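Encoded as structure tokens, the structure appears first; notes follow it.
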Amino acid sequence: MDMKEAVRTAKKHITELFTDETITHVGLEEVEFNNSSNNWEITIGFSRPWQNISLATALSNRPPARSYKLVCINDNDGHMISVTDRVLTDSQ
């Protein structure tokens with residue numbers, strides 16, 4: 001599979017997996033192909049409803065918090081190997 005297909009697959013898996021949480025703003029953050037495992041490692045970010053209502057966020061004019069997941073997709077058959085938390089560090 002090519003990179004675009006891998007990203008579409010990762011977004012589809014995340015959307016289906018978290019469907020009960022009514023996630024929004026699903027978007028690509030990072031993508032990398034792991035040659036040793038023959039897997040795509042794709043970071044997908046999204047917002048959850050409770051992350052968008054923070055008073056601190058509203059008062060600070062900062063964007064709403066997002067969740068980030070590292071999705072591992074098998075290159076050969078497109079099945080999802082794993083979904084794990086991806087913690088992004090704030091470089092400021």
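The values are calculated or read from the model by the stated rules, or taken from the named source; none is laboratory data. From a predicted model like this one, the values you see are computed outputs, not experimental measurements. Here the Cβ positions follow ideal geometry from the backbone for every residue, glycine too, while neighbour counts run over all protein chains shown. Quick note on the areas: whole protein, heavy atoms, side chains included, nothing else; ligands and nucleic acids left out. Shrake-Rupley method; radii C 1.70, N 1.55, O 1.52, S 1.80 Å.
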Among the residues of the stretch 20-52, write down those that are out of contact with any His (no Cβ under 7 Å at 6 or more places or on another chain), free of Cβ contacts under 8 Å to residues at least 40 places away in the same chain and of a type in the set (Ser, Thr, Tyr). 22, 24, 36, 37
Could you list, in sequence order, the residues of the stretch 16-43 that are open to solvent by less than 70 Å² (accessible area, probe 1.4 Å), at pLDDT 95 or above and among the polar types (S, T, N, Q)? 34, 37, 38, 39, 43
Which of (1) farther than 17 Å from residue 79 by Cα; (2) under 13 Å from the mean Cα position of the chain (by Cα) is the odd one out, the single condition residue 17 does not satisfy? (1)
Starting from the stretch 71-92, keep only residues that are loosely packed, with under 10 Cβ neighbours inside 10 Å, then list their pairs with residues that are modelled with pLDDT under 90 whose Cβ atoms are within a distance under 6 Å, requiring at least 6 positions of separation or different chains. none
Checking residue 10 against (1) at pLDDT 95 or above; (2) loosely packed, with under 12 Cβ neighbours inside 10 Å, the condition it does not meet: (2)
